[in-house]
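The values are calculated or read from the model by the stated rules, or taken from the named source; none is laboratory data. The structure displayed is predicted, hence computed values, not measured ones. Don't worry about glycine lacking a Cβ; one is built from the backbone with ideal geometry, like all the others, and counts go over all protein chains shown.
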Amino acid sequence: MGAYLQVKAAGYTLLVHSEEIRDVMTNQREDSVAGCPGHRLWRGQTLPIIDLPEALGGGVGSRPMALVLDAADHGTFILDVDDAGPMLRLEDTAFRPLPPLPSALARAFDGLLVTDDRRAGLLRVRRGAVSALVSAVPTE
């Protein structure tokens, strides 16, 4: 059994392991760091920001929610998202193997949640693979 936070970004809904999440918060303008774009303050620390909706093709914009993540591949950082919640507790047996995906995307995910009506549901982000997810998205 694992706990996952459901996260929305650019029309996608993903599951992030709760063990990597240090905080879930609303974004506040006063948290920005003057003279240090792409960073925000969190509990007195200056952390880099990854805008997940922008990386997934959702365009530039303000993001109402953010996660503070500790990921093995990226250290501690802020992940801006469109929405976060609810937290789900799921058995590993609820996930199915991934369909064929480009190798960069396959490294970012490790399971597919299938709904009760047998439709494909949510992709589970592999532990420590947030930077793989962001770098897997082609840029123009």
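Would you mind finding the one in 52, 47, 15 that is at pLDDT 85 or above, out of contact with any Leu (no Cβ under 6 Å at 6 or more places or on another chain) and under 14 Å from residue 130 (Cβ atoms)?
Values: 52 fails: out of contact with any Leu (no Cβ under 6 Å at 6 or more places or on another chain); 15 fails: out of contact with any Leu (no Cβ under 6 Å at 6 or more places or on another chain).
Among 52, 47, 15, only 47 is at pLDDT 85 or above, out of contact with any Leu (no Cβ under 6 Å at 6 or more places or on another chain) and under 14 Å from residue 130 (Cβ atoms).
Tell me, please, whether a residue that is assigned to a strand (DSSP E or B), under 16 Å from residue 124 (Cα atoms) and more than 17 Å from the chain's Cα centre (by Cα) can be found in the stretch 66-82.
no
Which one of the conditions (1) in a helix (DSSP H, G or I); (2) surrounded by 14 or more Cβ atoms within 10 Å (Cβ to Cβ); (3) at pLDDT below 80 does residue 121 fail to meet, given that it meets all the rest?
Here residue 121 clears every test but (1).
Can you confirm whether residue 111 is loosely packed, with under 15 Cβ neighbours inside 10 Å and either at pLDDT 70 or above or part of a strand (DSSP E or B) (or both)?
So residue 111 does not fit the description; no.
Can you tell me how many residues within the stretch 1-50 are of a type in the set (Ser, Thr, Tyr), crowded, with 19+ Cβ neighbours inside 10 Å and either touching a Phe, Trp or Tyr at 6+ places or on another chain (Cβ under 9 Å) or part of a helix (DSSP H, G or I) (or both)?
0
How about the stretch 51-65: which of its residues are touching a residue at least 12 places away in the same chain (Cβ under 8 Å) and surrounded by 11 or more Cβ atoms within 10 Å (Cβ to Cβ)?
Once the filter is applied, which keeps residues that are touching a residue at least 12 places away in the same chain (Cβ under 8 Å) and surrounded by 11 or more Cβ atoms within 10 Å (Cβ to Cβ), the stretch 51-65 yields 51, 52, 53, 54, 55, 56, 57, 58, 63, 64, 65.
Looking at 99, 86, which is the one that is in a strand (DSSP E or B) and of a type outside the set (Lys, Arg)?
From the options 99, 86, the qualifying one is 86.
Of these, 68, 81, 33, which one is free of Cβ contacts under 8 Å to residues at least 24 places away in the same chain, of a type in the set (Val, Ile, Thr) and touching a Lys or Arg at 6+ places or on another chain (Cβ under 8 Å)?
After ruling out the rest, the residue left standing is 33.
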